[in-house]
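The values are calculated or read from the model by the stated rules, or taken from the named source; none is laboratory data. Treat the numbers as computed from the prediction; the structure is a model and nothing was measured. Heads up, the Cβs are rebuilt from the backbone with ideal geometry, glycines too, and the neighbour counts pull from every protein chain shown.
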Amino acid sequence: MIREQAFDLGPAIQGAPRALTLAWQDLIQGLKAFPIWGMLGWQDIRQRYRRSVLGPFWLTISTAIMVGALSIVYSGLFNQSLSEYLPFIGTGLIIWTLISTIFNESCHVFTSAEGMIKQIRLPLTLHVCRMVWRNVIIFGHNAVILLLIYMFFGKGWHVDLLSLPLALLVLAINGVTVGLILGVFCTRFRDIVQIVANMIQLLFFVTPIMWNPEALADRGWIAHFNPAYHFIELMRAPILGAAFPVVSWQVATSITALGIVLALLMLTRFRHRVAYWL
């Protein structure tokens, strides 16, 4: 009978070199296995929208309707012109959907792959990459709305637009690290799933998606100390033609580095336990 232990990173020091090597191999091999997780991600999309005529574009249509409706209502409440408020809330909401969905699905990333984990020897990172890739595909469908927003409300061509692919890559890398960290925690402690869901809901209201940070005046620190705001600004600022978000890139880069370190620590200490916790 396997004896489950509480989370304690202290014992990880013993045998750390080998455990760290295995964790690093899991991370690298999982990332390199694109033919597997790429195919599985596409298969998830096909399964979810099988027999549907428009498939994932139903999400695009529903998102576009929601953006339009919220823009009409809240532009009046916040006393802003529709031409300014619609692109702001539209870009923010679409990018936030990607971030929040990755967080929520990270809690189930290993439990949903229980059959594969118990039957096939694959890197745990592969299952996380599958989840992130699936959500990037869905984001790609919603990106049609971002393209329309840029065409009608953008400030024309500028060099900052070249940073958009890199910004999406940074979001995806953070999605993998978050998936590994939350995936391990939520596999061991199932109550964390509800805590994360409530935290994400709260974070939505304190993140500048529905409201502009300039509206807070002297309380603008609420937005600027919010990591989600900076990750959204990586893409929203170039699309809307705002100043290049140097501070947001600094914050995002720092969080990315920290996330990689924490993900490696989690894999080092608990990688071999995940299958027994399922």
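Among the residues of segment 175-227, those that are basic (K, R) and under 28 Å from C129 (Cα atoms) comprise R188, R190.
So which of F189, F185, F152 is surrounded by fewer than 18 Cβ atoms within 10 Å (Cβ to Cβ) and either under 30 Å from S112 (Cα atoms) or touching a strand residue (DSSP E or B) at 6+ places or on another chain (Cβ under 8 Å) (or both)? Spell out the reasoning first.
On the way: F185 fails: surrounded by fewer than 18 Cβ atoms within 10 Å (Cβ to Cβ); F152 fails: either under 30 Å from S112 (Cα atoms) or touching a strand residue (DSSP E or B) at 6+ places or on another chain (Cβ under 8 Å) (or both).
Sole residue among the options that is surrounded by fewer than 18 Cβ atoms within 10 Å (Cβ to Cβ) and either under 30 Å from S112 (Cα atoms) or touching a strand residue (DSSP E or B) at 6+ places or on another chain (Cβ under 8 Å) (or both): F189.
The residue pairs whose first member lies in segment 166-190 and is under 19 Å from L258 (Cβ atoms) and touching a residue at least 12 places away in the same chain (Cβ under 8 Å), whose second member is β-branched (V, I, T) and not in a helix (DSSP H, G or I), and whose beta carbons are closer than 8 Å, counting only pairs six or more residues apart or on different chains, are G179/V109; L182/V109; G183/V109. Evaluation of P208 against the conditions (1) in contact (Cβ under 8 Å) with a residue 12 or more places away in the chain; (2) part of a helix (DSSP H, G or I); (3) under 16 Å from I95 (Cα atoms) shows that the sole unmet condition is (2).
Yes/no per residue for (1) surrounded by fewer than 17 Cβ atoms within 10 Å (Cβ to Cβ); (2) among the aromatic types (F, W, Y); (3) within 20 Å of W211 (Cα to Cα):
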position	(1), (2), (3)
S75	no, no, yes
G90	no, no, yes
I99	no, no, yes
F110	no, yes, no
M116	yes, no, no
L168	no, no, no
T177	no, no, no
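Do we find that A275 is outside any helix (DSSP H, G or I) and either surrounded by fewer than 17 Cβ atoms within 10 Å (Cβ to Cβ) or free of Cβ contacts under 8 Å to residues at least 24 places away in the same chain (or both) in this structure? Judged against the criteria, A275 is not a match.
Among the residues of segment 23-38, just one is of a type outside the set (V, I, T) and exposed (fewer than 13 other Cβ atoms within 10 Å of the Cβ), namely P35.
Within the bounds of segment 174-192, is there any residue that is under 19 Å from L86 (Cα atoms) and over 15 Å from the mean Cα position of the chain (by Cα)?
Within segment 174-192, the subset under 19 Å from L86 (Cα atoms) is none.
Within segment 174-192 (the criterion being under 19 Å from L86 (Cα atoms) and over 15 Å from the mean Cα position of the chain (by Cα)), the answer is no, since none of the residues qualifies.
Residues being small (G, A, S), out of contact with any Asp or Glu (no Cβ under 9 Å at 6 or more places or on another chain) and at pLDDT below 95: count how many of those fall in segment 224-258.
The first filter runs over segment 224-258 and keeps only residues small (G, A, S), leaving 228, 237, 241-243, 248, 252, 254, 257.
Now restrict to residues that are out of contact with any Asp or Glu (no Cβ under 9 Å at 6 or more places or on another chain): 228, 254, 257.
Narrowing the set further to residues that are at pLDDT below 95 leaves 228.
So the answer is 1.
Which members of segment 218-254 meet the condition of being assigned to a helix (DSSP H, G or I), touching a residue at least 40 places away in the same chain (Cβ under 8 Å) and surrounded by fewer than 17 Cβ atoms within 10 Å (Cβ to Cβ)? The answer is T253, and nothing else.
Part of a helix (DSSP H, G or I), on the phi < 0 side of the Ramachandran plot, modelled with pLDDT under 80 and of a type in the set (A, V, I, L, M): is that true of A6 in this structure? Here the answer is no, as A6 does not meet what is asked. For segment 135-167, taking the residues that are of a type in the set (F, W, Y) and part of a helix (DSSP H, G or I), the one that is modelled with the lowest pLDDT is identified as F153.
Any residue in segment 113-133 that is in a loop (DSSP other than H, G, I, E, B) and at pLDDT 90 or above? Yes, there is a match, as at least one residue in segment 113-133 is in a loop (DSSP other than H, G, I, E, B) and at pLDDT 90 or above.
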